[in-house]
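Below: the structure, in structure tokens.
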Amino acid sequence: MAAPAAAQDPAAAQHAAAGNGFAVWLAASSTYEPIGQPVTLTATTNTDVGPTPYYVTIYSETTGAELAVCGAGTTCTATVTQTTPGAQTFEAFVGDDVTGNGHPGFALASSNDVPVNWWFILRWPIRIP
């Protein structure tokens with residue numbers, strides 16, 4: 001009688017080994033802008049994700065917001081604007097997409113962090129009552 005086959009982890013059967021040859025980089029059109037001004041984030045991968053089951057996701061580490069999900073190509077972009085002074089840090093992933101929570105369920109590759117600062121324009125003269 002043959003020994004029973006070992007049970008395989010379902011996640012291992014569904015997903016490729018970590019890395020899978022993917023790399024992703026994130027860049028911002030500007031990292032220092034007046035409030036209300038848009039900044040374009042561009043994630044670039046070394047391989048087209050189109051023929052794979054994976055996506056490129058751009059998200060805000062600061063707010064947890066998912067900004068873009070792209071299922072094909074080697075670039076993915078998102079435009080962000082902030083109406084109050086402050087900073088956000090953004091990151092991109094190649095992995096599966098779990099809609100709405102920002103992070104993929106698993107990531108084959110993650111990008112560099114990109115901080116963007118929005119500042120307040122102070123106009124002169126200031127009138128103090």
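Tabulated values for the structure
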| read-out | value |
| --- | --- |
| Candidates Val49, Val98, filtered to the one that is part of a loop (DSSP other than H, G, I, E, B), surrounded by 19 or more Cβ atoms within 10 Å (Cβ to Cβ) and either at pLDDT below 95 or charged (D, E, K, R) (or both) | Val49 |
| Residue match in the range 60-67 (condition: at pLDDT below 95 and exposed (fewer than 12 other Cβ atoms within 10 Å of the Cβ)) | yes |
| Counted residues, the range 75-95 - those being out of contact with any Phe, Trp or Tyr (no Cβ under 7 Å at 6 or more places or on another chain) and over 19 Å from Phe106 (Cα atoms) | 11 |
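Residue-by-condition table, conditions (1) under 13 Å from Trp118 (Cβ atoms); (2) without any contact (Cβ under 8 Å) to a residue 24 or more places away in the chain:
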site	(1), (2)
Thr42	no, no
Thr47	no, no
Gly50	no, yes
Ile58	no, no
Val69	no, no
Gly73	no, no
Gly86	yes, no
Glu91	no, no
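The values are calculated or read from the model by the stated rules, or taken from the named source; none is laboratory data. Here the structure is a predicted model, which means the values were calculated and not measured. Positions of Cβ are backbone-derived with ideal geometry, glycine not excepted, and every protein chain shown enters the neighbour counts.
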